[in-house]
Structures are given as C-alpha cells and as structure tokens.
Amino acid sequence: MKQEAAQLEEVKALEDRYQLATYKKMPIVAERGAGVWLFAADGQKYLDLYGGHAVAGTGHSHPHVVATLREQADKLLFYSNLVYSEARARAAGKLVSIAPASLTKAFFCNSGTEANENGMRMARLATGRENVITFSSGFHGRTADAISATFLGKYRELGKPNVPGHLKAEFGDIESVRDLADESVAAIMLEPVQSMAGVNIAGPDFYRALRQLCDERGIVLIYDEVQTGVGRTGNWFFAGSEAGGEVIPDVITLAKALGSGIPVGACLVSDSIAGHIKENDLGTTFGGGMMAMAAVIATLEAIEQDGMLANVRTVEAYLRDRLATVSGVTSVKGLGFLLGLQCKQKAAAIHSALLERKIITGTSSDPHVLRLLPPLCLRREEVDLFIIELEDACQPPN
Ligand SMILES: Cc1ncc(COP(=O)(O)O)c(C=O)c1O
C-alpha cells in the first residue's frame, strides 16, 4: 500500500512538474478500464458514473472497439481527406444511417468545439448572415467562436476579445429568442439539454417553437449534441425525441462518445445546408483519419450489438425509482444517462464522499447538482451499489 501511495505521488509530481495546472484532478492514476469500471494503478477499482468525461459511452475499452482499432492500426493509421478511405466511407454511411432522415451528410473533425465552429460557419455560408443566437448557461467549447457563443459562467470572459455577432437569449424562453431573431441571424445554436449548467431541459413546446421560428425567418437550427448525442439520452440523438417535441434541427454537432475515447467530432447536416458548402470551405488535417473512423464505426456497432439504447431507457427508469428513495436528493433532472441530481448538500462534498467510496461522479456549475454521465452499459447491480453509497455520502458532516 505504501508503495502504491508512493506511485501516486510520483506520477502526480511528474505531471504537475511538466504539465500546465489547468485541471483539478482526482487522486487516481488511471491504468485500465472495463465497461463501467476504472482500475487505478494502486489496484483500486472505481465505478465510473462520469464515463471518463462523458466519452466512454460504450464503456471503457469495449472489446469490439479495441479489436477494430487494433485491426485498423495494423493496416493504416492515417491519411487525410486527400484520398478516399473505406473506413471513412463506412463511418460516414453508418452515422448518416442512424441520423434523422433529413440529415444526409457528415463532416468529420476532431472535437466538440471544432464541430460547433464548423456548424456556425456552415450556417453563415448557407444564409449569408453573421449573427448567432445562443443561450444563457449554454456551453459550446473553448476555441474563439465557440467560447464567444458560450454564456455559461466565466468562460466567455476567458475568450476575450470575443468573436463579434453572438447574441444571448434565455434558455426555455421563446420570447427572448423572438426578440433577437431578425434578418441578421444565421443560426440559433443550443445544447438541447444544458449539461454543465446543471442539466437543464426545456419542455417540448420550446423546441417546437424554435423550429417554427427558424423556418419562418430562414435561420439555421443547430443542436450541440456533443453530450446528448450517440445514445446518451436513450435514443441515438436528442433530435427527434419525444422529450424534444420530435424536432429535427438542420445541423447536429457531435464529439465525446462518438469515438469511445479516440478524438473525433462531426457535424451532421441537411441537404439544404450541404448545398451551400463548396470545396475548401471547411477542412482539418486530422478529420476523417482512419483510426478515428474505425472508432466511429465500432462505437456505433457496439451500441447496436449490445442493445445499449434500450439499456439506457430501462436502467434510467430503475435509477430514477431508486433515487426517489434517497433522502438527500430532492429531484432528478435530465434524460437517459445525462442526469442532474438536485441535492440538499453541496454537490462537491457529495462528489468527494463518493470518491472515497470509489465512485466517480461529476459536479456542475450549479453547486447543488451532482451530474451522472455513466457508460450506456450501466446495469441495475451497479445502480444498487451506487444508491447505497449515495445515501451515506449525502449525510451532512458531523
Ligand atoms: C455541450 C458541449 N459542447 C461542446 C463541448 C466542447 O467539446 P470539446 O471539449 O471536445 O471541444 C463540450 C465539452 O464539454 C460540451 O459539453
């Protein structure tokens, strides 16, 4: 045990010495993963209800994903979009096949922020307009345009001087959007479920009203599904869901769980947007590389083969039932495996108490909301384990 503690100290000292201190880290040296479990170098195992930062949708190191990546790595690691690739052809085809029918083309990039930047650029190219409406407490990434579209907390300040043309409406308040949506507006972009803000979801009427407003005023509707996409809500996408009023946007942006941990982002776009995009309008060296494409194919196949969408729906219902019995949790927000637990105690204290009990969860910008973003393969037994520990962790300190 002494030696293991020394190993944590050693790795920590090295990282802290050579890496910029931009993250508050948990005292874990991550070594190996399997499904919902993360194994640390000291032999401890953690139930990962944060899903490796919402990335491990298929669970950690899913065997089908690992095998597919190994096979691809043996053949070719990378070539850019200057050549054709079977992996890219299959990944794009597979992604479009699970997308809402009106979204017929994919553009691949490397991250969520980049997907959003490209989504906004496409809207500007398609409309010839410049402004973009986003929402209070929304988060869209940290590159210049995406951070300027982010009205959560202090992020936008960090991006100063901001990209001009970003307008803020109130999430859930259609009148605030209507007031801003004039002929200068190219796009309305939103996280349909605002995750980092503390898991805020609007009623179906809000999404329907946004769609109608966009149709009336020639505005492109962009759903940032970086967190909600790829099965997290119990459907492939929030777009088209009952909770979202069956609304289909013109663009969906994706990242996080799309590659099970291999960095990959994507925009899914409608024909009408695609028709405005010409050669060289968008691009990135690494987008559509073979390893990323193999990861996309294997991720989508694993979700299908293991019936993970149905699993999210049934286990969500079970989790909600069990959470209703926990006295420290006053309500549960969100959808599928993107849940915000409104807690009586501070979420940071519960997060720490759970970590001591070897369970990883997430906090949010709401100090009383604990976030759960588990792998889509989480089962009832693991929920039971969590509930026992949560009950304890919610007790006020003596
Ligand atoms: C909703 C949403 N959009 C965009 C991003 C940015 O993604 P990335 O960190 O891959 O750039 C995030 C990251 O947390 C996110 O949650």
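The values are calculated or read from the model by the stated rules, or taken from the named source; none is laboratory data. This one's a predicted model, so the numbers in the text were calculated from it and none came from an experiment. FYI the Cβ positions are ideal-geometry reconstructions off the backbone, even for glycines, and counts take in every protein chain you see. Note: areas computed on protein heavy atoms with side chains; ligands, DNA, RNA excluded. Shrake-Rupley method; radii C 1.70, N 1.55, O 1.52, S 1.80 Å.
Just checking, how many residues over segment 2-25 are touching a residue at least 12 places away in the same chain (Cβ under 8 Å) and either open to solvent by less than 70 Å² (accessible area, probe 1.4 Å) or more than 30 Å from TYR155 (Cα to Cα) (or both)?
The number of residues fulfilling the criteria is 5.
Which residue is farthest from ASN162 (Cα to Cα), if the candidates are limited to segment 104-120 and must be more than 15 Å from the ligand (Cβ to nearest atom) and surrounded by fewer than 22 Cβ atoms within 10 Å (Cβ to Cβ)?
Looking at the filtered set, the residue picked out is THR104.
Count, please, the residues in segment 294-308 that happen to be open to solvent by less than 10 Å² (accessible area, probe 1.4 Å) and within 10 Å of LEU376 (Cα to Cα).
2
Given the condition farther than 23 Å from HIS276 by Cα, buried (at least 21 other Cβ atoms within 10 Å of the Cβ), away from the ligand (no atom under 16 Å from the Cβ) and modelled with pLDDT of 95 or more, answer yes or no: does some residue in segment 74-88 qualify?
yes
List the pairs whose first member sits in segment 309-332 and is closer than 14 Å to GLU381 by Cα and touching a residue at least 12 places away in the same chain (Cβ under 8 Å), whose second member is open to solvent by less than 50 Å² (accessible area, probe 1.4 Å) and in a helix (DSSP H, G or I), and whose Cβ atoms are under 7 Å apart, counting only residues at least 6 apart or on separate chains?
Every condition considered, the pairs that remain are VAL315/VAL383; TYR318/VAL383; LEU319/VAL383; ARG322/VAL383; ARG322/ILE387.
What residue, of ARG232, ARG217, ARG211, is basic (Lys, Arg) and within 16 Å of the ligand (Cβ to nearest atom)? Reasoning before the result, please.
Values: ARG217 fails: within 16 Å of the ligand (Cβ to nearest atom); ARG211 fails: within 16 Å of the ligand (Cβ to nearest atom).
Unique residue meeting the criteria: ARG232.
Taking helices (runs of 4 or more DSSP H) that fall entirely within segment 1-94, which contain at least 2 residues that are under 23 Å from the mean Cα position of the chain (by Cα) and over 30 Å from SER364 (Cβ atoms)?
Numbers: elements: 2-18, 51-54, 63-75.
Answer list for segment 1-94: 63-75.
Which of the residues that make up segment 237-288 are within 16 Å of the ligand (Cβ to nearest atom) and not in a loop (DSSP other than H, G, I, E, B)? Write out each step before concluding.
We begin by selecting, within segment 237-288, every residue within 16 Å of the ligand (Cβ to nearest atom); these are 237-239, 244, 249, 251-268, 284, 286-287.
Selection gives VAL251, ILE252, THR253, LEU254, LYS256, ALA257, LEU258, GLY259, GLY265, ALA266, CYS267, LEU268.
Can you tell me how many residues in segment 364-398 are over 19 Å from THR233 (Cα atoms) and among the β-branched types (Val, Ile, Thr)?
Step one: filter segment 364-398 for residues over 19 Å from THR233 (Cα atoms), giving 365-368, 381, 384-398.
Keeping just the survivors that are among the β-branched types (Val, Ile, Thr) gives 387-388.
The qualifying residues number 2.
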